[in-house]
1. Considering only protein heavy atoms and a 1.4 Å probe, what is the carbon-and-sulfur percentage of the accessible area of the chain?
2. Distance in nm between label sites at GLN151 and GLU10, each 7 Å beyond Cα in the beta-carbon direction?
3. Just to verify a number: FRET efficiency for SER33 and HIS103, C-beta to C-beta distance, R0 = 22 Å, to 0.05?
4. Can you give the extra length, in nm with one decimal, that the chain gains between ALA144 and LEU159 once fully stretched, where that is 0.36 nm per residue apart less the Cα-Cα distance?
5. If you line up the long axis of helix 88-97 against the longest principal axis of the chain, both from Cα atoms, how many degrees apart are they, to the nearest 10?
6. What does the accessible area per residue of the range 62-181 come to in Å², with a 1.4 Å probe and no ligands, DNA or RNA counted?
7. Show which lysines lie in cross-link reach of LYS96 when reach means a straight Cα distance below 24 angstrom and same-chain residues fewer than eight apart are skipped.
8. With a cap of 12 neighbouring Cβ atoms within 10 Å, and only residues DSSP puts in a loop, list the GluC sites (Glu not before Pro) found in the range 133-172.
Amino acid sequence: AYLLKARGYEALTTNHIAEAAGINIATLYKYFSNKQAILVALHERMSLRWTGALVPLVNQIRGGAPWRETVCKVIDIAAERRQGETGEAALRIAMKVSRELQHYDRAESIESSRLVADMLISRASVDPVTATRVARVAIQVGMAALDLLLQEEVVDEALWVGEAKAAVCNYLAPYFEARAHV
């Protein structure tokens with residue numbers, strides 16, 4: 001993660017990784033076939049932490065916690081993930097630009113969407129087909145808004161995160177609030 005952050009995706013090589021790990025290249029290739037395999041393993045590790053943070057919050061919403069506040073917490077965690085962990089921003093960019101890695105980024109998005117869809121079904125009584133579609137859009141909108149933090153010269157990160165929160169919450173509001181009026 002550190003090397004990815006320091007060198008960038010294109011410049012990173014398995015030789016750099018082996019050298020930094022203090023192992024020879026043959027040992028590295030025993031476990032990983034190429035740099036993409038290493039980045040997939042890194043992504044999976046970071047993705048497990050993300051899902052671990054997301055599941056309890058989704059369960060809070062299912063249990064009756066204020067949905068807006070909890071969705072905002074999820075977005076805060078996603079923003080911290082992009083900015084906080086060593087190499088997370090560089091990995092996020094690599095996942096977008098590498099054809100070999102895009103599948104894994106999409107799979108994580110689908111898994112996050114599944115959790116949101118389950119929340120919409122259980123808390124807002126949205127039918128499963130609609131919930132799946134709405135969840136995919138909400139996740140994609142939130143990710144795209146937060147990915148701007150990686151691309152723009154951000155002066156005030158909180159303002160950008162606030163825009164992501166507004167976009168996602170305003171999109172989800174009709175589904176949650178329709179249930180409140182029933």
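The values are calculated or read from the model by the stated rules, or taken from the named source; none is laboratory data. These figures come from a predicted structure and were not determined experimentally. All Cβ positions, even for glycine, are placed from backbone atoms using ideal geometry, and neighbour counts span all protein chains on display. The area values use the complete protein model at the heavy-atom level, side chains included, leaving out ligands, DNA and RNA. Shrake-Rupley method; radii C 1.70, N 1.55, O 1.52, S 1.80 Å.
1. On the way: 5520 of 9900 Å².
Accessible surface attributable to carbon and sulfur in the chain totals 56 percent.
2. 1.7 nm
3. Working: r = 16 Å, r/R0 = 0.71.
Efficiency, rounded to the nearest 0.05: 0.90.
4. Numbers: separation 15, 0.36 × 15 = 5.40 nm, distance 1.50 nm.
Contour length minus Cα-Cα distance gives 3.9 nm.
5. In the chain, helix 88-97 runs at an angle near 90 degrees to the longest axis.
6. Values: 6210 Å² over 120 residues.
Per-residue value: 52 Å².
7. Correct list for LYS96: LYS5, LYS35, LYS165.
8. Values: sites: GLU152, GLU153, GLU157, GLU163; in loops: GLU152, GLU153.
Filter output for the range 133-172: GLU152, GLU153.
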